Amino acid sequence: MNPAIEAPTIEYGLLAPLLVVFGAACIGVLVEAFAPRYLRKPIHVPLTLLSIAGAFALVLVQALRGGVPTTAAAMGALAVDGPSLFIWGVILVLSFVCVLLINDEGHFVASAASVPGSPEEEQAESHDSGTGHTEVYPLVLFAVGGMLLFPAAHDLLMMFVALEVMSLPLYLLCGLARRRRLLSQEASMKYFLLGAFSSAFFLYGTAMIYGFAGTVSLPGINQAMAEGNALDPLLLIGFALLGVGLLFKIGAAPFQAWKPDVYQGAPTPVTALMASGTLVAAVGAVLRVFWVGLGNLDWEWRPVIWAVAALTMIVGSILAITQTELKRMLAYSSIAHAGFLLVGVMATFSDAQQNAGSLKAILFYLAVYGITTVGAFAILTLVRDPGGEAGHLSRWAGLGKRSPILAGVFAFFLLAFAGIPLTSGFMGKYAVFAAALNSGTSPGDSMGGWMAGLVVVGVVASAIAAFFYVRVIVLMFFSEPAADGPAIAVPSMGTVAVIAVSLLVTVGVGLYPESILGVANDAASSLFIR
């Protein structure tokens, strides 16, 4: 007789933010299936915003209630600890403001199945009220749910499921741009193909590591390395394949080729969601795997991550100089910032006190960079040519004379990306670089010199990056506007709110960083590693 199967234990209270988002996404699918077309958007918008806001409120309740769980939730599959709650809060805030951008009319195609330029597409456009595809809202919720699940996954199998739940909706959303349809479809196809390859690497790496450890649990893998041969070929090959899948998601070199094309072709609100929320989730997953699962392998992978971080910063900064399209420039900027974050990841392996300081710096950087990114892409949606958004740099010439407030806000966001003092970007870079310099100072740890060298590379990359940011500012304020310059769209209330919140956070955190640093420090001190 077979032994009785024990019923799984699910901590619904701890997982409530995830359940709210995924539940709303399922309801959104039912709305698409059964609600009349004219009722779909009026239902989707409040459903999406309320579910994200409700999930954020539940995260706050858990964080304020205190008491980090002593065991992983959902039978060991998820770790709802301090870093998870902090990352969840950041992702939910970023996704909320991105939905406000998505709600603005004119971004999404009326019929994605129609061939671009065909009579069917023209007919769909003529019958569309400007709302486009309303299924973008449940797709966004599924993507956000995957983003929440990804950094909290406590075993590799759950992490793979989260990776696919996050990625598959984004593949579709990238191909739904209303204008420049062929470019949008090309971006979607490239993202899908390259994303499928990276997922295959991740899954194959998981299989190899399971062959070594006999488990996919991150603490179990760590314990197996401590008790066995940490140089086992199965483990090293599995780690390498797993790293490819994770580094692809954050856009680290040499796995960054997808970012410029996808960012340029996707609808700008979707680009904002990917550039902010996806990066936050992916970096959280990198920390979870490398620290919790592969902590005993740090001496083998640290030189590799050192090289990847240096290459990522240099590639992102140098190639951004050659770009003449703003979204592509911001894509390479995102690649450079992924390198800065990897500097913080390198710094997380030292003594316990320095670990917490490094993790605090990374969490702080993720929060401030994400909100500034959303604000910058919100500005891009307002500068428009007849064929769509004015993406070419030449079209932004003299914008400071035509619309000084808009150009001034965008210039401030660019200065924050460059890390100019009195902005949140400066505080983020300072926190990460300071944590890197403080790491490796423990007795017997020879990584101090390597970390100092990596910080020097980061400072040089920041100086290079400042050039192309300042170039845009000079173009806007010290060039004459063209007679046929782009139109400045009247922003919706949602877009105004996004820009205003992003500006306030960028300024406020630059002047008073303790507000977020304190929260990040509390979160970093309660990482669950068992």
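The values are calculated or read from the model by the stated rules, or taken from the named source; none is laboratory data. Given the structure is predicted, the values throughout are model-derived calculations rather than measurements. Neighbour counts are summed over all protein chains in view; Cβ atoms, including those assigned to glycine, are modelled from backbone coordinates with ideal geometry.
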**Message:** Given the criteria among the aromatic types (Phe, Trp, Tyr) and free of Cβ contacts under 8 Å to residues at least 40 places away in the same chain, does residue 248 qualify?
**Reply:** no
**Asked** What about residue 262, is it under 21 Å from residue 94 (Cβ atoms), surrounded by 24 or more Cβ atoms within 10 Å (Cβ to Cβ) and of a type in the set (A, V, I, L, M, F, W, C)?
**Response** yes
**Request:** State whether one or more residues within the range 435-450 are loosely packed, with under 15 Cβ neighbours inside 10 Å and either at pLDDT 90 or above or in contact with a strand residue (DSSP E or B) (Cβ under 8 Å, 6 or more places away or on another chain) (or both).
**Result:** no
**Fill in**
Filtering the range 244-254 for residues that are surrounded by 24 or more Cβ atoms within 10 Å (Cβ to Cβ) and outside any helix (DSSP H, G or I) leaves a count of 2
**Request:** Look through the range 221-239, keep the residues that are in contact (Cβ under 8 Å) with a residue 40 or more places away in the chain and in a helix (DSSP H, G or I), and return whichever of them is surrounded by the fewest Cβ atoms within 10 Å (Cβ to Cβ).
**Result:** 226
**Prompt:** Does residue 95 meet the test of being part of a loop (DSSP other than H, G, I, E, B), touching a residue at least 12 places away in the same chain (Cβ under 8 Å) and of a type in the set (Gly, Ala, Ser)?
**Reply:** no
**Asked** From the list 186, 164, which one is free of Cβ contacts under 8 Å to residues at least 40 places away in the same chain and among the charged types (D, E, K, R)?
**Response** 164
**Request:** Please state which one of 97, 68, 109 is modelled with pLDDT under 70 and among the hydrophobic types (A, V, I, L, M, F, W, C).
**Result:** 68
**Prompt:** If you go through the range 306-317 one residue at a time, do you hit one that is surrounded by fewer than 23 Cβ atoms within 10 Å (Cβ to Cβ), without any contact (Cβ under 8 Å) to a residue 12 or more places away in the chain, assigned to a helix (DSSP H, G or I) and hydrophobic (A, V, I, L, M, F, W, C)?
**Reply:** yes
**Number of the condition not met by residue 225 [criteria: (1) under 30 Å from the mean Cα position of the chain (by Cα); (2) over 30 Å from residue 186 (Cβ atoms)]** = (1)
**Message:** closer than 28 Å to residue 63 by Cβ, in contact with a helix residue (DSSP H, G or I) (Cβ under 8 Å, 6 or more places away or on another chain) and without any contact (Cβ under 8 Å) to a residue 40 or more places away in the chain: is that true of residue 146 in this structure?
**Reply:** no
**Request:** State whether the residues of the range 266-283 include one that is closer than 21 Å to residue 159 by Cα, buried (at least 23 other Cβ atoms within 10 Å of the Cβ), touching a Pro at 6+ places or on another chain (Cβ under 6 Å) and not acidic (Asp, Glu).
**Result:** yes
**Asked** Can you name the number of the only condition in (1) assigned to a helix (DSSP H, G or I); (2) over 30 Å from residue 259 (Cβ atoms); (3) among the small types (Gly, Ala, Ser) that residue 205 fails?
**Response** (2)
**Close pairs (6 angstrom Cβ cut-off, 6 or more residues apart or separate chains): more than 13 Å from residue 136 (Cα to Cα) and without any contact (Cβ under 8 Å) to a residue 60 or more places away in the chain in the range 19-36, of a type in the set (Ser, Thr, Tyr) and crowded, with 17+ Cβ neighbours inside 10 Å anywhere** = 20/51
**From the options 328, 302, residue that is charged (D, E, K, R), part of a helix (DSSP H, G or I), out of contact with any Asp or Glu (no Cβ under 7 Å at 6 or more places or on another chain) and at pLDDT 90 or above** = 328
**Given (1) under 24 Å from the mean Cα position of the chain (by Cα); (2) crowded, with 20+ Cβ neighbours inside 10 Å; (3) at pLDDT below 90, number of the condition residue 132 does not satisfy** = (1)
**Message:** Take residue 482 and tell me if it is over 30 Å from residue 78 (Cβ atoms) and not in a helix (DSSP H, G or I).
**Reply:** yes
**Message:** Among the residues of the range 253-265, are any of a type outside the set (Val, Ile, Thr) and either over 20 Å from residue 323 (Cβ atoms) or without any contact (Cβ under 8 Å) to a residue 24 or more places away in the chain (or both)?
**Reply:** no
